[in-house]
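Novice: Would you mind keeping the following structure in view while I ask a few things?
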Amino acid sequence: MLELDQFRHVYFQECEELLGSLEIQLMALQEGAEADDVIQEAFRAIHSIKGGAGALQFRRIGAFAHNFEALFDKIRSGKTALNPDLLILSLTAFDMLADLIAAEQCGSEIKPGSEDHISEALKEATGNQGESAGEDRAAAGMAASGTSKPVAPVLYRIAFRPSPDSLKRGNEPLYLIRALKALGNLTVTADQDGLPPLDEIDPQAVYLAWNFELETVAGPDAVSEIFEFVEDDSDLSITTPNGAEIFDDGQSGVSDEAPDDGESPENGQAGETKAKLQGAVKSLENSNPDTKETSGRHFGATSVRVDLDRVDRLVNMVGELVIAYSTVLQHVDDRLRLTHPQLAHELTQFLQHTQSLQDSVMAIRAQPVRTIFARMPRLVRDLAEQTGKRVRLKTKGESTEIDKTVIEKLSDPLVHMIRNAIDHGIEPLEERQALGKPPEGTVTLSAEQVGGRIVIRVSDDGHGIDRERVRQVAVEKNLIAPDTNLSDEEIENLIFLPGFSTAQALSDISGRGVGMDIVYQNIQKLGGRVSIRSEPGRGSTVTLTLPLTLAVMEGMIVRSGDYVYVIPLANIIQSLSPRPEEIGTLPDAGMVLRFRDEYVKLVDLNDAFGTDCGAANDNQLIIVVEADAGRAIGIVVEEILGQEQVVIKSLDENFSHIRGIAGATIMGDGKVALILDVTVIGKLGNKRLNASTAREPGETKLQELCA
Amino acid sequence: MTRRVLAVDDSPTIRSMMDVILTEAGYEVLSAENGRDGLGLLDVFSFDLIITDLNMHVMGGLSFIRHIRELKRYESVPVLVVTTEGSEEIKELGRSYGATGWITKPFEPEKFLGAVNRVCPIEEPKAESG
């Protein structure tokens with residue numbers, strides 16, 4: 001028995017792609033696309049989901065997809081016109097289908113019958129109201145199996161004269177006789193009357209006819225099934241002894257028929273059939289985008305499916321290669337260049353190849369942001385419906401590519417930002433009209449690559465941020481002192497401060513702000529930055545700047561005590577060597593640095609990680625970094641070793657989490673450097689991050705790590 | 001003599017099912033996800049049977065069959081069409097392009113093998129030995 005479970009994985013993977021494609025098509029239709037190939041593509045996706053579901057006996061998915069498919073079949077054949085209602089129905093059906101698939105995949109339960117009303121609506125739209133659930137099931141591949149077999153053997157008489165050219169089409173009568181024989185006792189009589197004289201014989205033609213007597217317990221279906229492929233163009237009759245005819249092609253027996261029938265289909269009924277066929281061919285050919293090979297839409301056609309784990313391994317190995325290369329490079333000094341110019345030249349080549357190898361490997365994991373952008377139109381539609389506002393979503397730069405690991409983490413923040421733009425940015429309909437704005441608000445989602453980073457913007461044409469109110473809340477929440485002097489931009493960016501959006505009154509603010517700190521933290525975890533700019537009355541723009549990948553990072557390499565750390569370049573504002581008078585002590589903040597007319601809290605890494613070696617150091621350097629939105633801290637280090645692209649390694653696999661450390665990397669000399677999580681360091685300030693007294697259970701001590 | 005089958009379908013699920021069913025039955029299976037790739041394989045290998053889906057990207061089943069039949073080597077090699085509906089119209093259409101027979105999706109493994117067996121049985125049956 002075939003083990004169906006083995007195909008689950010490949011099916012759900014296929015479904016993921018098909019649902020993605022289907023959603024894109026539905027969105028395109030919603031945007032007003034009317035191209036046949038969009039509808040055709042949607043049909044194909046549903047069709048394939050249904051096909052796989054049938055094969056794997058996922059009955060609910062199959063039955064539901066069948067109804068969904070029927071609608072698109074009607075639409076693609078032009079029998080039903082797509083209208084806004086049908087589009088909404090399709091989107092609803094899409095959600096349901098995705099839910100059913102997800103439930104099947106996770107083994108979770110969706111209440112039986114919860115898809116029924118959508119199924120009914122689909123059937124109604126298709127005009128298949130009468131179709132019973134039984135037919136659904138049959139269509140979804142739940143054959144009513146087990147036709148009762150007669151216990152006693154039955155004798156069938158079969159007369160069979162294959163079409164003379166049946167061999168030419170690959171139908172070998174001999175195989176059919178063999179299959180008959182497998183059913184029971186078979187007596188074969190060959191009829192050689194049709195044989196022409198030897199010199200007229202066409203070796204590819206069939207001249208023989210046969211009479212069979214088959215004694216079998218197999219049912220009539222099993223017997224006639226043998227002839228399934230040939231019954232239409234051969235002379236065939238199957239009878240049981242009691243005279244019941246279970247198959248007759250109407251051509252009365254076996255003999256006296258010209259052996260070359262079916263060769264001249266040019267006139268009469270045959271001609272009519274041909275015309276009908278041509279029509280059918282045309283419609284099928286239209287649905288078969290054979291001729292569109294050059295169009296830009298090649299979904300899976302030229303791709304290879306590779307397990308992400310393998311790609312990750314490859315990325316890691318290339319990372320190691322880059323490190324190995326820098327190790328080699330450390331041994332290349334000027335003297336070597338002079339004595340071995342050829343070697344130095346080869347090494348330069350090596351560097352170029354290594355870099356392009358790294359780029360190519362990273363490109364494997366890159367995905368267009370379209371994969372997440374495509375989910376947003378539905379979100380916007382739903383939110384607009386909920387809030388009673390009219391909102392249009394514009395997207396730009398969907399084909400911009402980012403590493404898959406970044407894409408995965410980008411989705412939630414984007415949802416959040418768009419939700420905010422609609423909830424708090426776009427004004428209600430009446431208000432917009434009163435202001436003389438177009439009644440329909442616009443949210444624009446765009447992506448572009450700028451240098452080595454990706455910039456994603458969410459803008460709206462709503463009323464912008466109420467700076468006074470934001471400032472007021474920030475003061476109330478003790479986030480800023482009442483007399484703090486802040487620029488407009490700085491005030492706007494206060495909404496990213498942790499704690500800001502927990503304010504009760506926030507949902508009433510006529511600005512935005514709910515949970516923006518969540519956005520900020522997530523983006524920062526990705527090594528990115530968030531900022532907001534707003535123009536009162538005209539709208540706001542939130543800008544995310546992200547690295548292309550999470551696997552490598554530009555960092556500043558610093559030393560403090562015996563440890564080497566990496567500070568993400570994205571966070572660094574400035575590095576400086578302070579004059580003594582610039583450093584002071586504040587009662588509640590400890591050591592501070594006077595930096596651009598502000599006091600910046602200082603964190604000494606030796607103190608923070610409890611790695612103090614006791615030797616006081618006068619030549620302190622301070623790296624000022626942006627820890628939280630707009631809030632800077634100064635990290636005290638002893639030496640700056642350089643700036644490098646580092647390969648990020650997770651520590652959590654081998655060590656339990658260390659507060660303040662985001663990961664590690666291996667340096668050119670083989671030593672481990674720790675990547676700082678400046679957000680956490682900023683929050684904890686001078687408290688010892690890893691002092692033995694404050695250790696959480698299971699937490700690793702830094703010394704253990706680098707010992 | 002091993003029988004080699006080319007299975008062409010754009011659904012990875014269906015492809016892998018055909019692959020497993022046929023391989024377990026003793027066939028050697030190569031697969032492709034569209035007609036164009038299928039033609040590429042026909043060029044390089046020789047096949048005793050071709051099974052193809054109809055509705056595919058790049059090159060659909062009907063064009064694929066037409067191309068197959070234009071190749072001298074494959075003039076009379078059996079071609080089975082995999083269809084979902086199994087409507088007479090589709091069957092007739094397939095036949096007019098030169099298909100040998102059809103298999104209706106979703107297929108039960110036994111039925112699938114039954115159809116395959118009728119056009120390309122795995123081996124010459126041994127002479128009756130009583």
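Novice: Name the single residue that is surrounded by the fewest Cβ atoms within 10 Å (Cβ to Cβ) among those in segment B:40-60 being closer than 11 Å to B:Tyr74 by Cβ and within 12 Å of chain A (Cβ to nearest Cβ).
Specialist: Only one residue fits best here, namely B:Asp48.
Novice: Could you look through segment B:86-112, keep only residues that are in contact with a Phe, Trp or Tyr (Cβ under 9 Å, 6 or more places away or on another chain) and farther than 18 Å from A:Ser166 by Cβ, and pick out the one that is nearest to the other protein chains (Cβ to nearest Cβ)?
Specialist: In this case the residue turns out to be B:Ile90.
Listed here are the residues, each with its yes/no results for (1) at pLDDT 80 or above; (2) among the aliphatic types (A, V, I, L, M).
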residue	(1), (2)
A:Gly184	yes, no
A:Ser224	yes, no
A:Thr240	no, no
A:Ala244	no, yes
A:Asp248	no, no
A:Asp256	no, no
A:Gly268	no, no
A:Pro289	no, no
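Novice: From the list A:Ile118, A:Ile110, A:Ile39, exactly one residue is surrounded by 14 or more Cβ atoms within 10 Å (Cβ to Cβ) and more than 24 Å from the chain's Cα centre (by Cα). Which is it?
Specialist: On the way: A:Ile110 fails: more than 24 Å from the chain's Cα centre (by Cα); A:Ile39 fails: more than 24 Å from the chain's Cα centre (by Cα).
Matching residue, one of A:Ile118, A:Ile110, A:Ile39: A:Ile118.
Novice: While we're on this one: Check off (1) crowded, with 20+ Cβ neighbours inside 10 Å; (2) under 34 Å from the mean Cα position of the chain (by Cα) for A:Arg432 and give me the number that stays unchecked.
Specialist: Looking at each condition in turn, A:Arg432 falls short on (2).
Novice: Please work out if A:Thr339 is at pLDDT 80 or above and over 24 Å from A:Ile402 (Cβ atoms). Walk me through it before giving the result.
Specialist: Details: at pLDDT 80 or above: yes; over 24 Å from A:Ile402 (Cβ atoms): yes.
Taking the combined requirement at face value, the residue satisfies it.
Novice: What number of residues within segment A:198-231 satisfy the criterion of being surrounded by fewer than 19 Cβ atoms within 10 Å (Cβ to Cβ), under 53 Å from the mean Cα position of the chain (by Cα) and part of a loop (DSSP other than H, G, I, E, B)?
Specialist: Summing the residues that are surrounded by fewer than 19 Cβ atoms within 10 Å (Cβ to Cβ), under 53 Å from the mean Cα position of the chain (by Cα) and part of a loop (DSSP other than H, G, I, E, B) in segment A:198-231 gives 5.
Novice: Next question. Taking the stated definitions as given, is A:Ala98 more than 24 Å from A:Arg375 (Cβ to Cβ) and either in contact with a Lys or Arg (Cβ under 8 Å, 6 or more places away or on another chain) or touching a residue at least 40 places away in the same chain (Cβ under 8 Å) (or both)?
Specialist: no
Novice: Let me ask something else. State whether the residues of segment A:423-441 include one that is part of a strand (DSSP E or B) and at negative phi. Walk me through it before giving the result.
Specialist: Going through segment A:423-441, the residues part of a strand (DSSP E or B) turn out to be A:441.
Next cut, at negative phi only: A:441.
Within segment A:423-441 (the criterion being part of a strand (DSSP E or B) and at negative phi), the answer is yes, since at least one residue qualifies.
Novice: Further, regarding this structure: Restricting to segment A:445-498, give me the number of residues that are farther than 30 Å from A:Ala374 by Cβ and among the hydrophobic types (A, V, I, L, M, F, W, C).
Specialist: To start, the set of residues in segment A:445-498 that are farther than 30 Å from A:Ala374 by Cβ comprises A:466-491, A:494, A:497-498.
So of that shortlist, the ones also among the hydrophobic types (A, V, I, L, M, F, W, C) come out as A:470, A:473-475, A:479-481, A:486, A:491, A:494, A:497.
Selection size over segment A:445-498: 11.
Novice: Could you tell me whether segment A:54-69 includes any residue that is surrounded by fewer than 18 Cβ atoms within 10 Å (Cβ to Cβ) and either closer than 26 Å to B:Glu33 by Cβ or within 14 Å of chain B (Cβ to nearest Cβ) (or both)?
Specialist: yes
Novice: Still on this structure, please answer the following. Restricting the search to segment B:69-80, which residues are within 10 Å of another protein chain (Cβ to nearest Cβ) and either free of Cβ contacts under 8 Å to residues at least 12 places away in the same chain or β-branched (Val, Ile, Thr) (or both)? It would help to see each step written out before you state the result.
Specialist: First, the residues of segment B:69-80 that are within 10 Å of another protein chain (Cβ to nearest Cβ): B:69, B:74-80.
The answer is B:Glu75, B:Ser76, B:Val77, B:Val79.
Novice: Only one of these is in contact with a Phe, Trp or Tyr (Cβ under 8 Å, 6 or more places away or on another chain), at pLDDT below 85 and either more than 25 Å from A:Leu19 (Cα to Cα) or within 14 Å of chain B (Cβ to nearest Cβ) (or both): A:Gln129, A:Gln105. Name it. Before the answer, list the steps.
Specialist: Numbers: A:Gln129 fails: in contact with a Phe, Trp or Tyr (Cβ under 8 Å, 6 or more places away or on another chain).
Criteria check complete, one pass: A:Gln105.
Novice: Further question on the same structure: Looking only at residues in segment A:70-86 that are surrounded by 14 or more Cβ atoms within 10 Å (Cβ to Cβ) and among the aliphatic types (A, V, I, L, M), which one is modelled with the lowest pLDDT? Before the answer, list the steps.
Specialist: First, the residues of segment A:70-86 that are surrounded by 14 or more Cβ atoms within 10 Å (Cβ to Cβ): A:70-76, A:80, A:82, A:86.
Add one more test, that the residue is among the aliphatic types (A, V, I, L, M), and what stays is A:70-71, A:75, A:82, A:86.
Details: A:Ala70: 89, A:Leu71: 90, A:Ile75: 87, A:Leu82: 81, A:Leu86: 86.
Selected residue: A:Leu82.
Novice: Of all residues being surrounded by fewer than 20 Cβ atoms within 10 Å (Cβ to Cβ) and touching a residue at least 24 places away in the same chain (Cβ under 8 Å) in segment B:13-28, which is nearest to the other protein chains (Cβ to nearest Cβ)? Just the residue, please.
Specialist: Checked segment B:13-28; the qualifying residue nearest to the other protein chains (Cβ to nearest Cβ) is B:Ala25.
Novice: Given (1) in contact (Cβ under 8 Å) with a residue 24 or more places away in the chain; (2) farther than 23 Å from A:Glu228 by Cα; (3) more than 10 Å from chain A (Cβ to nearest Cβ); (4) of a type in the set (S, T, N, Q), where does B:Thr83 come up short, assuming only one miss?
Specialist: All conditions pass for B:Thr83, except number (2).
Novice: Restricting attention to segment A:448-463, which residues are at pLDDT below 85 and of a type in the set (Gly, Ala, Ser)?
Specialist: Residues satisfying the conditions are A:Gly451, A:Gly452.
Novice: Among (1) within 22 Å of A:Val304 (Cβ to Cβ); (2) within 8 Å of chain A (Cβ to nearest Cβ), which single condition is B:Ser31 missing?
Specialist: B:Ser31 satisfies every listed condition except (2).
Novice: One residue is enough: does segment A:12-21 have a residue meeting the conditions touching a residue at least 40 places away in the same chain (Cβ under 8 Å), aromatic (Phe, Trp, Tyr) and part of a helix (DSSP H, G or I)?
Specialist: Yes, segment A:12-21 contains a residue that is touching a residue at least 40 places away in the same chain (Cβ under 8 Å), aromatic (Phe, Trp, Tyr) and part of a helix (DSSP H, G or I).
Novice: When you scan segment B:7-21, do you find a residue that is under 14 Å from the mean Cα position of the chain (by Cα) and more than 19 Å from A:Gly51 (Cβ to Cβ), even just one?
Specialist: no
Novice: Which ones in segment A:370-414 are under 16 Å from the mean Cα position of the chain (by Cα), part of a helix (DSSP H, G or I) and among the small types (Gly, Ala, Ser)?
Specialist: Within segment A:370-414, A:Ser411 is the sole residue that qualifies.
Novice: Follow-up. In segment A:177-214, how many are of a type in the set (D, E, K, R), without any contact (Cβ under 8 Å) to a residue 40 or more places away in the chain and closer than 16 Å to A:Ile238 by Cβ? Please lay out each step first, then the result.
Specialist: Narrowing segment A:177-214 to residues of a type in the set (D, E, K, R): A:178, A:181, A:191, A:193, A:199-200, A:202, A:213.
If we keep only those that are without any contact (Cβ under 8 Å) to a residue 40 or more places away in the chain too, we end up with A:178, A:181, A:199-200, A:202.
Subset that is closer than 16 Å to A:Ile238 by Cβ: A:181.
Final tally of qualifying residues: 1.
The values are calculated or read from the model by the stated rules, or taken from the named source; none is laboratory data. Just so it is clear, the model here is predicted, and its values are computed rather than measured. FYI the Cβ positions are ideal-geometry reconstructions off the backbone, even for glycines, and counts take in every protein chain you see.
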